[in-house]
Structure formats: C-alpha cells, structure tokens
Amino acid sequence: MAIRRDFTVADYLLARLVQLGVHKVFQVPGDYVSGFMNALEKSSDIQPVGEVNEMSAAYAADGYARYTGIGAVSLQYGVGTFSAVNAIAGAYVERNAVVVISASPSAKNRHIIWSEDVLFHHSTGDLDVGRKVFENITVACELLDDSRTAPALIDRALVAAISQRQPIYLEAWKNVWGEPCEEPLGELSAVPAACDQPSLDAAVETSVQRLREAKKPLIMLGIEIARFGLQKQALHLIEASGLSFTTSLEAKTVLDENHPQFIGTYAGTASRLWTQELVDQTDCILAIGVIFTDDYLQLLEKDFGQIILVNTQLARTGLQYYPHVPLPQYLTALTSALGLDKDFPLPLRPREPLSPLLHAASSDTPLGYELFLDTLADFAREQRLWDNSALILGESSALYAASNIMGMPENSFVADAIWGSLGHETGCALGVAMGGQRRPLVVAGDGGFMMMCQSLSTLVRNRLNAVVFVMSNEVYAIEQAFVDINAFKEHGKFAPFDILPSWDYLALAKGFGAKGYKVSTLGELRELLLKLLVIDETVLVQVVIPQKDLAPQIKRLAS
C-alpha cells in the first residue's frame with residue numbers, strides 16, 4: 001500500500017488514541033514536540049487542552065483516564081517530562097493508563113551534538129535519559145527514531161497501556177513526528193492475562209471452601225475493579241454470595257453505596273466505627289482487586305492468613321499462592337461456583353442507618369473538618385448532587401474524614417489515596433470534568449492547593465463550573481499529626497516546617513477569573529451551598545477552620 005505524504009507519525013498516534021476513546025490531549029507546549037502539537041491542532045477528532053504547569057497537565061490526564069480508561073499528555077523534552085514524573089508515578093501505582101507524548105533532538109540535531117560536542121537545550125547530555133527515567137514508572141517506553149518502525153512501536157506501547165492500565169512513554173526524535181507513515185490497520189485490543197485452568201480451579205475451590213466455613217466473611221473491593229471495568233462482575237459476585245462488602249479508600253464508590261450489602265468504606269482506623277468493627281470481627285476477607293498499602297498494615301498483620309486476595313498481580317488464599325489466575329476469570333468462576341452452592345447466598349446483614357440530617361448545630365457554629373463534610377454530604381444527598389458531580393479529595397485530613405460519607409452513587413468519588421501526592425485533587429479536576437462529564441467538587445488542603453493553584457485558571461479558561469473548597473488552617477495538619485500529634489493539644493506547638501503562609505484566597509480567585517467566597521460558620525456554608533446550585537462558573541471557596549481542629553479519623557490514625 002502506498003504511503004500518503006500527508007499522513008504522519010503524529011497523525012498515526014492521534015488516530016489510535018481516538019480509536020481508544022481519547023478526545024482530549026492535555027499539553028504544555030515545547031519546540032521539540034511542535035510536530036505533534038501541529039498535527040493535534042489540525043485534528044477534528046481530538047482536541048488539545050492547554051495547561052500552565054506540566055504536573056497539572058499530567059494530573060488532568062490522570063483524572064481523564066479514571067473515567068475513560070486512558071488519557072494523554074503532551075510535554076516538552078526534559079524540562080517538561082521530568083516535571084510530570086510525580087504525576088506519572090502516581091498513575092503507575094494507581095493503575096491509570098496515561099500516554100506521555102514528547103520529542104527529543106532531531107536527526108540533524110544529533111549530528112551536530114556528536115560532531116561539535118554541543119549540549120542542546122533541555123538536555124542532560126544523555127540522549128537516552130528520558131527512557132532511563134520513565135521505564136521505572138511506565139509499562140512501555142518507546143523511542144521513535146524511524147517513521148517506518150514507529151507505528152508498530154506505538155501500537156505495542158498502547159496495547160501494554162490498555163492491557164495493564166498503566167502509563168506509557170512515547171518519545172520521538174523531533175523530525176519523526178512530522179514524517180509520513182502507514183495508516184492504522186484494524187483496532188487495538190487488550191491482551192488477556194495468561195490463565196492456568198488447574199490453578200484457577202484450585203483457587204476458586206479453596207475460596208468457596210473458606211467462605212463456606214467462615215462465620216463472618218465479607219468482601220473488600222479494590223480500585224482494580226474500576227480500572228479494568230469489572231463493576232458488573234463484582235456486583236454479580238456480591239449478590240450471588242450474599243456477603244456484606246466494603247471498599248478500600250481508593251476504591252470508594254466503585255459500586256453504588258446505597259446497595260443493601262454495603263457496610264461503608266474501610267480506611268483502617270479512620271473508618272466509620274461500625275465499619276471497622278465489622279472488619280475486625282470477620283474471619284475471612286475476600287479482597288478483590290485491592291492494592292493494600294500501609295494504611296492497612298494493622299489488618300494485614302492481624303489477618304494475613306484469613307485474607308483471600310486476588311488482583312492483577314497475584315492470587316492467594318491465606319498463605320497458598322496460585323500462579324496465572326487472572327482477575328476477570330476468577331470473578332466469573334467464583335460467582336458461578338457460589339451460584340451452584342446451596343450455602344449461598346448468605347442472609348442479608350442489617351445495615352447501619354444513615355445519620356440524620358444536621359439540624360442541632362446553630363448557624364454561628366465554627367466550621368471544622370467533620371461539620372464541613374457532614375454538611376456538604378447532607379446537602380448533596382438532599383439535592384442529589386452526587387448524580388452529576390464528583391467529590392475529589394487530595395492527600396489531606398479531609399480525605400480520611402470524607403471516607404466516612406455514606407450513600408454515594410457509583411463513580412462519584414476520586415482520590416489519590418494510594419500514591420498520596422499533595423495537590424493532585426486540583427489538577428485532576430480538569431480531567432474529571434472533561435472525561436467524566438461531572439461537576440468537580442474539590443476539597444483540598446491549603447498546603448496541597450498552594451502547590452497546584454495555577455490549575456484554577458485552566459478551569460476558568462475552559463468555562464468549567466468546578467468548585468474548589470480549600471480547607472484553610474494554614475498548616476500541614478496531616479503531616480503534623482503524624483510527626484507529633486501533641487501539637488493539637490491546647491498548649492501544643494506546631495513544628496515550624498508545618499506552618500504555611502497566609503494567602504488572600506479571594507484576591508487569588510479574582511486574579512484567576514474565578515468567583516471567590518469565604519466561609520467560617522455553618523450558616524455561611526449553608527447559604528453558599530444554595531448559591532452553588534445556580535452558579536455556572538469556576539468557584540474558589542476558602543473554608544476557614546481552627547488550626548487545632550483535628551479530624552477524629554486522623555487522630556485515630558496518628559495515635
């Protein structure tokens with residue numbers, strides 16, 4: 001087949017991205033990657049979305065991927081890509097397929113480098129350094145130096161991304177993005193994980209036996225259920241078994257929390273007391289798609305031998321491991337086995353009743369973490385806000401307090417709870433809005449917001465009706481709690497390194513073109529929430545809370 005002169009390597013990648021459901025590419029411009037950017041600008045199927053900060057752009061691609069399955073970010077060589085390393089590492093850990101697109105010195109540039117000993121701009125001198133850095137936080141790292149081989153390398157990397165739901169890195173020589181190449185043939189699809197049938201059968205048989213013998217078994221769902229599109233299969237398993245289920249913090253709202261078998265989100269000692277009590281009492285946990293972090297260390301140390309864990313990395317029943325047991329096949333086989341077992345489904349366990357709406361506190365009651373989040377959650381429940389919104393939390397005290405909210409619908413909660421990078425929530429909001437078609441309701445710590453505040457201007461630029469609540473206590477509260485919780489006592493003192501500068505958030509909102517509000521009491525918050533129902537633009541809200549207000553969830557975690 002003859003190669004069209006007007007169809008380039010950049011066009012090839014764009015065509016493949018569109019096939020995979022990508023319709024936005026987040027970017028910060030750079031001269032090396034101009035060949036790709038020019039092709040992107042001309043595309044009618046995929047739109048560039050400019051950001052003002054490389055890490056924000058990568059966070060946005062991460063947020064987009066959480067709802068579409070894959071996202072993309074285009075960045076300048078070296079100074080741009082290295083600025084995004086933190087965000088891509090988070091996507092790698094949290095199973096988000098993000099395509100990092102960049103370029104490096106051209107063939108002509110390289111001749112000059114080698115013949116005249118010149119150090120080109122944004123280069124360390126090692127022209128292989130991009131691969132050396134990103135191969136540690138991606139599942140495929142391709143250097144495209146020839147337009148004839150580029151299509152196959154692009155396809156191989158994209159297949160790895162959609163198969164493993166983790167990032168990839170594509171770096172072309174500057175000239176290659178604009179060179180002609182063949183057009184895509186067919187479509188790409190994920191490669192199923194290898195399955196050993198005897199191993200799968202043994203894992204399922206032992207799982208059924210353990211669940212049957214347990215007196216108080218329960219199911220814990222993890223984030224891989226969402227990343228690999230296994231919600232329906234997980235729901236079938238839950239209903240076939242009759243077991244109560246919880247989720248890890250990262251996986252909160254992986255299923256509708258109004259399901260009668262849901263017992264609340266499990267976040268270790270930060271959990272609702274009723275949820276923690278049920279998990280503590282269980283004698284068998286079926287953990288599906290869960291990535292256990294040190295937040296769950298107490299559970300693992302106590303109950304490791306009683307946990308059945310199957311995710312994309314391993315399968316075990318207690319201390320017995322099973323090779324080549326893919327998560328989707330395990331879910332299907334276990335559901336079928338339980339459906340044929342006379343001991344299942346188990347009778348439903350009574351649910352904890354939802355707490356009544358807040359009426360007791362007076363309007364002039366000062367806000368704290370719990371009062372703010374309880375008020376927001378009750379208002380959202382009354383107004384059905386969660387149906388078309390997403391609550392986005394960063395690594396802050398508010399994240400663990402928000403884990404106690406009940407009754408949220410599927411896919412309405414977003415958190416960077418495994419990687420735990422400060423500021424993720426504000427950068428991520430752009431991608432959530434564009435990928436999930438949801439109104440972002442961001443609850444950020446002031447420390448995290450200070451790192452990514454520029455993202456507010458991008459939300460404004462794109463006319464998004466996001467709301468960013470900044471929990472303003474002028475300290476790194478969660479950091480202080482883990483360093484020395486005594487600082488929160490009446491006469492305690494915060495470490496100097498945990499004190500934040502004072503910002504004028506209303507002036508900041510005005511400077512970025514957003515609407516700005518400040519609330520410090522329950523009455524002010526309730527009044528503002530009603531206004532937000534009709535405001536259709538970006539809003540920044542300073543939520544003033546006492547410096548020594550310590551969320552009880554953090555107190556339990558840090559004690």
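The values are calculated or read from the model by the stated rules, or taken from the named source; none is laboratory data. Predicted model, so just to flag it, every value in this text is computed and none were measured. Here the Cβ positions follow ideal geometry from the backbone for every residue, glycine too, while neighbour counts run over all protein chains shown.
For this structure, a couple of remarks:
- Residue list for the stretch 54-67, filter: within 12 Å of the chain's Cα centre (by Cα) and either more than 13 Å from D416 (Cα to Cα) or small (G, A, S) (or both): A58, A60, A61, G63, Y64, A65, Y67
- Selected residue [touching a strand residue (DSSP E or B) at 6+ places or on another chain (Cβ under 6 Å) and not hydrophobic (A, V, I, L, M, F, W, C)] from S189, S207: S207
- Restricting attention to the stretch 250-284, the residues being buried (at least 21 other Cβ atoms within 10 Å of the Cβ) and assigned to a strand (DSSP E or B) number 7.
- Screening the candidates V79, V73 for the property of being aliphatic (A, V, I, L, M), at pLDDT 95 or above and surrounded by 17 or more Cβ atoms within 10 Å (Cβ to Cβ) yields one hit, V73.
- All positions within the stretch 495-527 that are more than 17 Å from G448 (Cβ to Cβ), outside any helix (DSSP H, G or I) and either in contact with a helix residue (DSSP H, G or I) (Cβ under 9 Å, 6 or more places away or on another chain) or among the β-branched types (V, I, T) (or both): A495, G513, A514, K515, G516, Y517, K518, V519, T521
- Residue identified as among the aliphatic types (A, V, I, L, M) and assigned to a strand (DSSP E or B) among L309, L331, L338, L297: L309
- Residues that are modelled with pLDDT of 95 or more, of a type in the set (D, E) and touching a helix residue (DSSP H, G or I) at 6+ places or on another chain (Cβ under 9 Å) were ranked within the stretch 98-145; the one that is surrounded by the fewest Cβ atoms within 10 Å (Cβ to Cβ) is D145.
- Total residues in the stretch 104-153, condition free of Cβ contacts under 8 Å to residues at least 40 places away in the same chain, within 19 Å of I168 (Cβ to Cβ) and in a helix (DSSP H, G or I): 3
- The test for being on the phi < 0 side of the Ramachandran plot and at pLDDT 95 or above holds for A444.
- Filter result for the condition that a residue is in contact with a helix residue (DSSP H, G or I) (Cβ under 6 Å, 6 or more places away or on another chain), in the same structural domain as Y517 (by TED's automatic domain parsing) and assigned to a strand (DSSP E or B), over V443, V432: V443
- Of the candidates T365, T335, the single residue that is in contact with a His (Cβ under 8 Å, 6 or more places away or on another chain) and farther than 30 Å from M452 by Cα is T335.
- Restricting attention to the stretch 509-521, the residues being surrounded by 19 or more Cβ atoms within 10 Å (Cβ to Cβ) and of a type outside the set (G, A, S) number 3.
- Residue in the stretch 67-109 that is farthest from D31 (Cα to Cα), counting only those that are of a type outside the set (A, V, I, L, M) and in contact with a strand residue (DSSP E or B) (Cβ under 6 Å, 6 or more places away or on another chain): G71
- Scope the stretch 471-494; condition in a strand (DSSP E or B) and among the small types (G, A, S); matching residues: S472
- Flag if A15 is buried (at least 24 other Cβ atoms within 10 Å of the Cβ) and under 22 Å from G435 (Cβ atoms): no
- Considering the conditions (1) in a helix (DSSP H, G or I); (2) under 19 Å from G368 (Cα atoms); (3) within 26 Å of the chain's Cα centre (by Cα), L550 is excluded by exactly one of them, (1).
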